[in-house]
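Structure record follows, encoded as structure tokens.
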Amino acid sequence: MNYLFKTAIEFIVGLASGIFLGVTGIIPSAIILLILNLLNIGNYKTNLGSILFVMLFPVTIGSVYEFYKSKQIDYYLSLILLISVTIGSYIGSRFVAGKNDKETLTPRTIKYITGVVTFFVGTGFLYSAYYDIN
């Protein structure tokens, strides 16, 4: 694949995912990972690590600023979630990165886990929207 074309595709995927993030508040890691995988761009675990690297930076700063201006942030809730998600992501990454290849989940297993979780999250949002649960 041409380097410039690949870079353009990656930029478009990132831009679309950022818009999705701003609209839904859902981190688009799974969407980015799926698209890169379907387009055969990079190694699955390397792509996963790269996406996590991107999320390390304050990629939501623009959205957070808009919510801050409209006074729609619960700082206590945010702090609790920040700490617990950080700890959880460390624990979860140990299953993927591990200390050596024998202790890690395979890309296939990761895809199954992501698919099942995404299915249930999507179903939950559809249920919530249908029954107008705030």
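The values are calculated or read from the model by the stated rules, or taken from the named source; none is laboratory data. Treat the numbers as computed from the prediction; the structure is a model and nothing was measured. Virtual Cβ from ideal backbone geometry, glycine too; neighbours counted across all protein chains shown.
Some observations on this one:
- GLY124 under 17 Å from the mean Cα position of the chain (by Cα), surrounded by 10 or more Cβ atoms within 10 Å (Cβ to Cβ) and either modelled with pLDDT of 90 or more or small (Gly, Ala, Ser) (or both): no
- Within region 80-121, considering residues that are of a type outside the set (Val, Ile, Thr), modelled with pLDDT of 90 or more and within 20 Å of THR24 (Cα to Cα), the one surrounded by the most Cβ atoms within 10 Å (Cβ to Cβ): GLY115
- Top-ranked residue in region 23-35 [being part of a helix (DSSP H, G or I) and under 13 Å from the mean Cα position of the chain (by Cα); ranked as surrounded by the fewest Cβ atoms within 10 Å (Cβ to Cβ)]: THR24
- Condition check for GLY98: within 26 Å of GLY22 (Cβ to Cβ) and either free of Cβ contacts under 8 Å to residues at least 60 places away in the same chain or among the acidic types (Asp, Glu) (or both): no
- Single residue of region 37-75 satisfying the filter (among the β-branched types (Val, Ile, Thr) and part of a loop (DSSP other than H, G, I, E, B)) that is surrounded by the fewest Cβ atoms within 10 Å (Cβ to Cβ): ILE73
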